[in-house]
Structure formats: C-alpha cells, structure tokens
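The structure appears right after this line, and notes come after that.
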Amino acid sequence: MDLSAAVWRKSSRSSDNGGQCVEVATNLPNAVAVRDSKDPHGPKLRFTPAQWRAFVGGVKSGEFDQPA
C-alpha cells in the first residue's frame with residue numbers, strides 16, 4: 001500500500017523525550033496505518049478501519065492490561 005499521502009499523528013499524551021510512541025495515520029482510504037515514531041522509515045502496520053476500532057475498543061476496555 002502506498003503510504004505517501006499518510007498524515008501521521010502522535011498521541012497528545014506522548015512526550016518528546018524519545019519514549020516508546022507510535023504514530024497513526026487515519027486519513028487513508030479504507031485503512032489505518034501505524035508506525036514507530038522513532039523509526040518513521042521502518043515497517044508500518046496496516047489495519048482496516050473495523051480492525052482499528054476493535055483494537056482501540058479493546059485497549060479502552062482493558063482487554064490488553066497486564067495482571068497486577
């Protein structure tokens with residue numbers, strides 16, 4: 001998939017201290033792309049909008065939380 005038109009954004013909760021951040025591009029037709037902010041020319045993941053919504057929903061509901 002050609003990602004040259006991707007508009008990448010980082011979470012407003014991310015800092016500029018070189019932490020572990022991802023960037024997301026949601027402006028693509030029928031796709032959401034994700035990349036490592038420290039390696040913008042490296043590999044990217046591509047999801048359908050439905051897959052991305054399911055992932056974000058799982059994060060919000062605590063599906064991926066580590067046991068205490």
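The values are calculated or read from the model by the stated rules, or taken from the named source; none is laboratory data. Keep in mind that what you see is a predicted model, and the values were worked out from it rather than measured. Here the Cβ positions follow ideal geometry from the backbone for every residue, glycine too, while neighbour counts run over all protein chains shown.
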Given (1) more than 10 Å from the chain's Cα centre (by Cα); (2) modelled with pLDDT of 95 or more; (3) not in a strand (DSSP E or B), number of the condition N27 does not satisfy: (3)
When you go through A68, A31 one by one, which is the residue that is surrounded by 12 or more Cβ atoms within 10 Å (Cβ to Cβ) and either in contact with a Leu (Cβ under 9 Å, 6 or more places away or on another chain) or not hydroxyl-bearing (S, T, Y) (or both)? A31
Evaluate the following for V34: is it in a loop (DSSP other than H, G, I, E, B), at pLDDT 95 or above and hydrophobic (A, V, I, L, M, F, W, C)? no
Which numbered condition K44 misses (of (1) loosely packed, with under 15 Cβ neighbours inside 10 Å; (2) within 14 Å of the chain's Cα centre (by Cα); (3) touching a residue at least 40 places away in the same chain (Cβ under 8 Å)): (1)
State whether one or more residues within segment 3-12 are surrounded by 13 or more Cβ atoms within 10 Å (Cβ to Cβ) and of a type in the set (S, T, N, Q). no
Can you tell me which residues in segment 43-57 are more than 12 Å from L3 (Cα to Cα) and assigned to a loop (DSSP other than H, G, I, E, B)? T48
Inside segment 48-68, can you point out the residues that are within 17 Å of V32 (Cβ to Cβ) and among the small types (G, A, S)? A50, A54, G57, G58
